[in-house]
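The values are calculated or read from the model by the stated rules, or taken from the named source; none is laboratory data. These figures come from a predicted structure and were not determined experimentally. Positions of Cβ are backbone-derived with ideal geometry, glycine not excepted, and every protein chain shown enters the neighbour counts. The accessibility values were calculated without ligands, DNA or RNA, using every heavy atom of the protein model including side chains. Shrake-Rupley method; radii C 1.70, N 1.55, O 1.52, S 1.80 Å.
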Amino acid sequence: AQRARAKAAPWGRFMADDGQQERRQMALLGEFSEALASGAIWVAYQPKFGLAENRVIGAEALVRWRHPERGPIPPDDFIPLIETEGRARELTCHVLDHALADLSAWLPGRPDLVVAVNLSAMLLQEAGLKDLVGDALARHGVPPANLTLELTESAIIANAADAACRLAELRELGVKLSIDDYGTGQSTLSYLRQVPASELKIDKCFVRCIVDNPHDRLLVRSTIDLAHALDMTVVAEGVEDAACLDALRLIGCDVIQGWHTGKPMPADEFAATIGCTSSR
Ligand code: C2E
Ligand code: CA
Ligand code: CA
Ligand code: CA
């Protein structure tokens, strides 16, 4: 009996955890609409720093959920849940709306500023995507060229048939497209040539090691050269120190994003960073 209990124990524990996990997920889902409405779900901005310009040229909008009991919930813990439950559109609209409202307050002082919003893979299947983005831009009076949409390569590949059409429509609208997390998926040269993106973001897992690892440095360098040959701007993600920034400058990287040049921060803090006094 003891042996049976010992065997059953880990399984029982697993079941309990699994049930608890599921209940927490269900609870979060139930709170999602309320969190959107109450401001518990908000948008942080991480500076994108131009090396040639030697200043902040824009920001990436990153969603945050400040939960009243559970504290901050990382996006990786709730975005997949929201997406599988078909609520990606609501989340994207919320982030887009906040990002464009903030951007419209900054543009008078910095007309060149570009804000990037992450686009859920699911939205590439939506025929109304172009209108969704176009309407939001019009509502806030933001020129399309001041908005970038970031898409992961896996999102584009998973929706290849719809993606080509949706991306062409977005380009027609005049927004910029950026390939996010580059290097972590299965991109091919022909794919890179087909996607009408003007920016490539090299994933932080490659950027992290370039100072100490000549092999990684070579990989990043050839990716930069390739992107430049395709007329794309290169952003390095996850730049945490000056040594990494210097190494990236040497191999021709255009834009830096990482803790070294600024962590994700609230809108008013970002406005102060770029010297804008006006905030929404
Ligand atoms: P991502 O688009 O690759 O965003 C970059 C992530 O790297 C962010 O994590 C950012 O905080 C983090 N990061 C920036 N600089 C550094 C650094 O120097 N070192 C390290 N270690 N990390 C750095 P975060 O904010 O937790 O977001 C995680 C992911 O969640 C994002 O990855 C993106 O895929 C997704 N996400 C965030 N906001 C949204 C959103 O509004 N919509 C959608 N669909 N996805 C979002
Ligand atoms: Ca991104
Ligand atoms: Ca990324
Ligand atoms: Ca990522």
* To do: Could you please give the count of residues in the range 159-172 that are touching a strand residue (DSSP E or B) at 6+ places or on another chain (Cβ under 9 Å) and either exposed (fewer than 15 other Cβ atoms within 10 Å of the Cβ) or of a type in the set (A, V, I, L, M) (or both)?
  => 3
* Within the range 200-216, track down each residue that is open to solvent by 80 Å² or more (accessible area, probe 1.4 Å) and more than 16 Å from ligand 4 (Cβ to nearest atom). => D212, P214, H215
* Condition met for G134 (small (G, A, S) and more than 13 Å from ligand 1 (Cβ to nearest atom)) -> yes
* Asked: Could we say that R110 is away from ligand 2 (no atom under 15 Å from the Cβ), more than 30 Å from L245 (Cβ to Cβ) and among the basic types (K, R) here?
  -> no
* Asked: Quick check: is even one residue across the range 123-134 over 25 Å from C276 (Cβ atoms) and in contact with a Cys (Cβ under 8 Å, 6 or more places away or on another chain)?
  -> yes
* To do: Considering only the range 59-77, state which residues are within 16 Å of ligand 2 (Cβ to nearest atom) and either in a loop (DSSP other than H, G, I, E, B) or surrounded by 15 or more Cβ atoms within 10 Å (Cβ to Cβ) (or both).
  => A59, E60, A61, L62, V63, R64, P74, P75
* May I ask you to say which residue of D216, D225, D246, D231 is more than 16 Å from ligand 3 (Cβ to nearest atom) and in contact with a Phe, Trp or Tyr (Cβ under 7 Å, 6 or more places away or on another chain)? => D216
* **Cβ-Cβ under 6 Å pairs, at least 6 apart or on other chains, the range 103-122 side under 26 Å from P75 (Cβ atoms) and in a helix (DSSP H, G or I), far side of a type in the set (A, V, I, L, M) and modelled with pLDDT of 95 or more** => L103/V115; L103/V142; S104/V142; W106/L113
* To do: Check the range 146-154 and report whether any residue there is closer than 22 Å to V220 by Cβ and either open to solvent by 20 Å² or more (accessible area, probe 1.4 Å) or more than 16 Å from ligand 2 (Cβ to nearest atom) (or both).
  => yes
* To do: Restrict the check to the range 204-211 and report whether at least one residue is within 16 Å of ligand 2 (Cβ to nearest atom), among the aromatic types (F, W, Y) and either closer than 22 Å to A59 by Cβ or within 21 Å of the chain's Cα centre (by Cα) (or both).
  => yes
* If we scan the range 187-199, do we find a residue that is open to solvent by 30 Å² or more (accessible area, probe 1.4 Å), within 16 Å of ligand 3 (Cβ to nearest atom) and more than 30 Å from G109 (Cβ to Cβ)? -> yes
* Out of all the residues in the range 228-280, which are in a helix (DSSP H, G or I) and open to solvent by 30 Å² or more (accessible area, probe 1.4 Å)? -> H228, A229, A242, A243, D246, R249, L250, D268, E269, A272, T273
